[in-house]
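The values are calculated or read from the model by the stated rules, or taken from the named source; none is laboratory data. A quick note: this is a predicted structure, and the numbers were derived from the prediction, not measured. All Cβ positions, glycine included, derive from the backbone under ideal geometry; neighbour counts span all protein chains shown.
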Amino acid sequence: MNAAIVGIGATDFSKDSGRSELRLAAEAVRAALEDAGLAPSDVDGLVSFTMDTNAEIAVARELGIPGLTFFSRVHYGGGAACATVQQAAMAVETGMAEVVVCYRAFNERSGHRFGQVQAAAAANIDNSWSYPVGLGTPAAMVAMFARRYMHEYGATSEDFGRVAVVDRKHAATNPRAWFHDRPITLADHQASRWIAEPLRLLDCCQESDGGVALVVTSAGRARDLPNEPALVEAAAQGSAADQFTMTSYYRDDLTGLPEMGVVARGLWRRSGIGPSDVDVAVLYDHFTPFVLVQLEELGFCGRGEAKDFVASGALELTGSLPLNPHGGQLGEAYLHGMNGIAEAVRQVRGTAVNQVADVEHVLVTAGTGVPTSGLVLGRG
Amino acid sequence: MRIGDALPEWHVEATPTFVISTALATRDFQDVHHDRDRAVQRGSKDIFINILTTTGLVQRYVTDWAGPEVLVRQVDIRLGAPCFAYDTLKFFGQVIGREERDLTVEVVGRTAHGDHVTGTVRIEVPA
Amino acid sequence: MIDIEEEAARIAGQGGSAPRLARDPVNLPMINNWLEAIGDEHPGYTEVAPPAMVQVWTMAGLRGQRSADDPLGQMMAILDEAGYTSVVATNSDQTYHRYLKVGEHLSVTTSLEDVTGPKRTGLGEGWFVTTRSTWYVGDEPVAEMRFRVLKYTPASKPEPQPGPRQAQAIRPAVNRDTEYFWEGCRQGELRIQRCGGCGLLRHPPGPMCPECGATKPKYLVSAGCGVVYSYVVHHHPQVPGRRTPFVVALVELDEGVRVLGELAGEPAIGLPVEVVFTEVDDELTMPSWRPRADR
């Protein structure tokens with residue numbers, strides 16, 4: 001594609017921001033524009049999540065953006081993350097806009113917590129098969145997949161725990177991470193309480209307050225801006241047969257995430273690279289089991305082999321596939337995947353706190369268990 | 001240390017281990033501080049921090065900031081929302097009064113449910 | 001009828017309770033336990049105790065009981081009798097006259113300072129009871145505490161109803177495509193959508209057959225038997241209308257489709273189960289699972 005991420009911005013990540021979601025959005029967008037060396041008057045496009053409470057026009061008002069020629073929202077919760085950049089890149093490529101900012105901001109810990117049971121969600125007819133029977137939280141919905149995955153492939157709670165240990169290890173050396181300086185051991189993971197068996201507390205990401213914004217423009221214009229551009233080498237969305245939101249329980253096989261398989265095929269085809277070319281993987285980690293499944297869907301290992309791949313140390317910063325060097329959503333903060341895209345940009349620029357050497361291509365994925373999206377960012 | 005000086009924000013993760021170990025270290029054996037089932041039976045959502053611990057945390061917040069040479073003369077606290085296990089207790093503080101060597105620091109400890117503790121600590125700084 | 005103010009005046013008139021001696025003198029092991037638990041790394045507590053520990057020394061302990069002349073205990077009993085049965089601490093104001101040295105042996109006396117009420121509070125109507133405690137080393141007062149509790153009648157809240165299903169249980173949305181299923185549950189039938197064109201069985205249902213495109217959904221009544229395909233034991237957070245932990249099972253019916261429901265009993269993948277119907281109210285009956293007896 002002929003587009004690049006040229007600016008990243010974020011608020012602090014906290015458990016209680018003490019300010020409105022709109023203020024978080026406005027602060028993040030302003031920070032991203034400053035990072036890009038652009039002004040609000042340069043912006044003519046805004047993209048966010050359907051779930052975001054901040055209307056594009058409200059964000060534009062706060063920033064003093066004079067006009068918008070492109071605005072768009074993406075559905076399906078965290079599955080939207082990478083797709084916001086895809087929307088922005090398509091707008092830039094088709095000439096619908098020149099500078100598009102993608103944003104996501106919420107008080108997801110101090111305000112509306114996704115980890116609690118959302119009784120109102122049962123008003124959706126699809127959810128009427130799950131919520132009323134007591135399956136009402138994202139953790140429980142993922143746990144149903146995880147139990148079957150364990151049964152089929154012999155994976156254990158410890159195999160899930162190793163993902164949390166790696167994320168928290170990386171977060172420990174990231175001063176922006178909520179869990180900065182607080183690594184965990186596998187024993188800590190095993191001692192943490194059950195949330196929804198087979199998921200323990202430390203298999204679940206944080207709930208966070210904060211905002212993240214990303215500035216997208218054309219590769220041509222990016223060359224005139226101060227930062228090394230993170231080129232959008234590929235972007236993809238995916239949903240698969242018999243798709244539900246978090247509860248695709250009626251497919252023949254429950255051990256995969258076929259919607260991520262759709263994304264993977266799109267990314268590899270469009271970028272011209274393959275799994276072995278990826279230098280850093282920022283994989284969506286709201287719950288650890290789906291990190292294992294993603295490794296398989298994306299082709300980093302075979303079906304059922306992710307537990308051995310993870311145990312081999314491949315996900316360490318010095319491993320063959322460094323995972324979430326910022327600490328992921330288990331360690332840094334849960335910003336619906338957008339903080340992971342910002343980390344990918346830093347890895348491409350070479351400015352991350354846990355910088356991986358000689359980064360050419362970074363893979364980023366969005367929410368799992370839902371229709372989702374992905375990006376390959378790189379130096380082009 | 002002048003009137004208006006803010007103390008750095010401090011976060012305490014009220015893990016169950018923290019709630020229980022502090023309750024026992026303050027010799028407070030009420031079940032709501034260590035037995036989740038009983039706490040829930042009594043209408044709480046979980047075990048919660050006891051008052052003696054809150055007093056201790058307020059003292060620690062101020063002495064961590066002011067240094068070990070100061071003497072703590074008074075801790076006055078008002079209690080609000082309980083601080084449950086798994087809550088993050090965030091402390092904020094500010095110097096609100098000074099008379100010679102006597103300094104008054106206002107402290108607020110807040111969880112996602114609201115103010116857990118508000119109060120003042122009077123300390124005496126070295127001459 | 002109890003005159004609370006009169007009783008308060010009587011108890012206040014008794015003055016301080018008899019001095020109660022701390023179990024142990026001020027000592028380093030207890031100081032260190034306290035510092036470790038609080039996480040306080042203050043280097044100065046090697047010969048003196050942290051001031052905020054003062055109350056710790058005279059806590060009653062694991063099997064401690066209030067002495068008969070304890071004014072707070074007496075006042076609590078009177079308010080209990082008057083119907084103010086709940087208690088919450090509201091204030092603790094401690095003044096430290098000096099730091100306490102290791103080896104010093106504290107005693108404490110408590111008097112009733114003030115009882116005011118009845119007051120309307122966010123928690124309910126109640127009385128504020130204020131006591132004053134003084135700690136001594138020998139005859140020397142070393143620290144004081146004013147302690148206030150609210151003794152109140154909880155504002156009436158609807159009692160949670162017993163049983164696994166309560167009025168606030170989450171209800172399904174029902175529309176023209178799904179109403180046959182819920183109607184079946186009310187009649188004790190587990191209905192599975194069956195395409196009127198090609199016969200495809202399908203759950204959850206929808207208006208158009210993904211196989212043949214027909215819009216003639218019919219249903220068959222399942223025998224209600226299957227095996228557990230996967231399951232979750234839900235612990236946190238609380239779920240409206242349920243008591244944690246509970247099990248939700250994804251069951252593969254003998255007819256070949258999967259249906260979610262709560263499972264009573266020890267879960268395992270492959271466990272043979274059968275459907276049971278639980279009436280929530282006149283309008284809603286939920287299907288759930290129990291292990292099959294004939295396995």
Among the candidates B:Val32, B:Val40, B:Val70, B:Val19, which residue alone is farther than 28 Å from C:Pro154 by Cα and of a type outside the set (Lys, Arg)? B:Val70
If we keep just the residues of the stretch A:37-65 that are acidic (Asp, Glu) and crowded, with 18+ Cβ neighbours inside 10 Å, which is nearest to A:Leu24 (Cα to Cα)? A:Asp52
Only one of B:Gly43, B:Gly67, B:Gly97, B:Gly4 is over 15 Å from the mean Cα position of the chain (by Cα) and closer than 16 Å to B:His113 by Cβ. Can you tell me which? B:Gly43
Restricting attention to the stretch C:81-106, which residues are more than 13 Å from chain B (Cβ to nearest Cβ), touching a strand residue (DSSP E or B) at 6+ places or on another chain (Cβ under 8 Å) and farther than 17 Å from C:Val48 by Cα? C:Tyr84
Hey, any hits in the stretch C:72-94 for a residue that's among the polar types (S, T, N, Q), in a helix (DSSP H, G or I) and either touching a residue at least 12 places away in the same chain (Cβ under 8 Å) or surrounded by fewer than 18 Cβ atoms within 10 Å (Cβ to Cβ) (or both)? yes
Find the strands (runs of 3 or more DSSP E) located wholly in the stretch B:1-100 whose residues include 1 or more that are within 22 Å of C:Met59 (Cα to Cα) and at the interface with chain C (Cβ under 10 Å from one of its Cβ atoms), and list them. B:71-79
Members of the stretch C:214-237 found to be in a loop (DSSP other than H, G, I, E, B) and at the interface with chain A (Cβ under 7 Å from one of its Cβ atoms), listed by number: C:His235, C:His236, C:Pro237
Of all residues in the stretch A:145-164, which are buried (at least 24 other Cβ atoms within 10 Å of the Cβ) and within 13 Å of chain C (Cβ to nearest Cβ)? A:Phe145, A:Ala146, A:Arg147, A:Tyr149
Selection within the stretch C:42-52 - without any contact (Cβ under 8 Å) to a residue 24 or more places away in the chain and at the interface with another protein chain (Cβ under 8 Å from one of its Cβ atoms): C:His42, C:Pro43, C:Gly44, C:Pro50
A:Leu225, sole failed condition from (1) in contact with a strand residue (DSSP E or B) (Cβ under 7 Å, 6 or more places away or on another chain); (2) surrounded by 19 or more Cβ atoms within 10 Å (Cβ to Cβ); (3) assigned to a loop (DSSP other than H, G, I, E, B): (2)
Within the stretch C:178-206, how many residues turn out to be assigned to a loop (DSSP other than H, G, I, E, B) and in contact (Cβ under 8 Å) with a residue 40 or more places away in the chain? 3
Spot the failing condition for A:Met1; the list is (1) hydrophobic (A, V, I, L, M, F, W, C); (2) surrounded by fewer than 23 Cβ atoms within 10 Å (Cβ to Cβ); (3) assigned to a loop (DSSP other than H, G, I, E, B); (4) at pLDDT 95 or above, and only one is missed. (4)
Any idea which residue in the stretch C:265-288 is surrounded by the fewest Cβ atoms within 10 Å (Cβ to Cβ), counting only those that are more than 10 Å from chain A (Cβ to nearest Cβ) and under 17 Å from C:Tyr229 (Cα atoms)? C:Glu266
Here are some conditions: (1) touching a Lys or Arg at 6+ places or on another chain (Cβ under 8 Å); (2) surrounded by fewer than 19 Cβ atoms within 10 Å (Cβ to Cβ). B:Glu69 meets all but one. Which one does it not meet? (1)
Looking at this structure, is C:Ser111 closer than 30 Å to C:Glu47 by Cα and either within 14 Å of chain B (Cβ to nearest Cβ) or out of contact with any Asp or Glu (no Cβ under 7 Å at 6 or more places or on another chain) (or both)? no
Looking at the stretch A:76-93, is at least one residue more than 9 Å from every other protein chain (Cβ to nearest Cβ), more than 24 Å from the chain's Cα centre (by Cα) and surrounded by fewer than 24 Cβ atoms within 10 Å (Cβ to Cβ)? no
C:Gly241 is checked against (1) in a loop (DSSP other than H, G, I, E, B); (2) small (Gly, Ala, Ser); (3) without any contact (Cβ under 8 Å) to a residue 60 or more places away in the chain; (4) within 9 Å of chain A (Cβ to nearest Cβ) and fails just one. What number does that condition carry? (3)
Restricting attention to helices (runs of 4 or more DSSP H) lying wholly within the stretch A:254-343, give those where 2 or more residues are within 18 Å of A:His361 (Cα to Cα). A:258-271, A:289-297
For the stretch B:109-125 the number of residues that are of a type in the set (A, V, I, L, M, F, W, C) and surrounded by fewer than 17 Cβ atoms within 10 Å (Cβ to Cβ) is 1
From C:Glu252, C:Glu262, grab the single residue that is within 11 Å of another protein chain (Cβ to nearest Cβ), assigned to a strand (DSSP E or B), within 34 Å of the chain's Cα centre (by Cα) and among the charged types (D, E, K, R). C:Glu262
Can you tell which of A:Ser248, A:Ser312, A:Ser271, A:Ser276 is more than 14 Å from chain C (Cβ to nearest Cβ), touching a residue at least 40 places away in the same chain (Cβ under 8 Å) and of a type in the set (S, T, N, Q)? A:Ser271
Out of the residues in the stretch A:110-123 that are among the polar types (S, T, N, Q) and free of Cβ contacts under 8 Å to residues at least 40 places away in the same chain, state the one that is farthest from the other protein chains (Cβ to nearest Cβ). A:Gln118
Give the residues of the stretch C:23-58 that are outside any helix (DSSP H, G or I) and surrounded by 18 or more Cβ atoms within 10 Å (Cβ to Cβ), sorted by residue number. C:Val26, C:Asp40, C:Tyr45, C:Ala49, C:Pro50, C:Thr58
Restricting attention to the stretch A:165-202, and to residues there that are touching a residue at least 12 places away in the same chain (Cβ under 8 Å) and within 14 Å of chain C (Cβ to nearest Cβ), which single residue is surrounded by the fewest Cβ atoms within 10 Å (Cβ to Cβ)? A:Arg182
Can you find a residue in the stretch C:59-68 that is at pLDDT 90 or above and not charged (D, E, K, R)? yes
Considering only residues that are aromatic (Phe, Trp, Tyr), surrounded by fewer than 19 Cβ atoms within 10 Å (Cβ to Cβ) and closer than 19 Å to C:Asn33 by Cα, which ones fall in the stretch B:1-51? B:Phe29
Meets criteria (closer than 29 Å to A:Glu158 by Cα, among the aliphatic types (A, V, I, L, M) and in a loop (DSSP other than H, G, I, E, B)) for A:Met246: yes
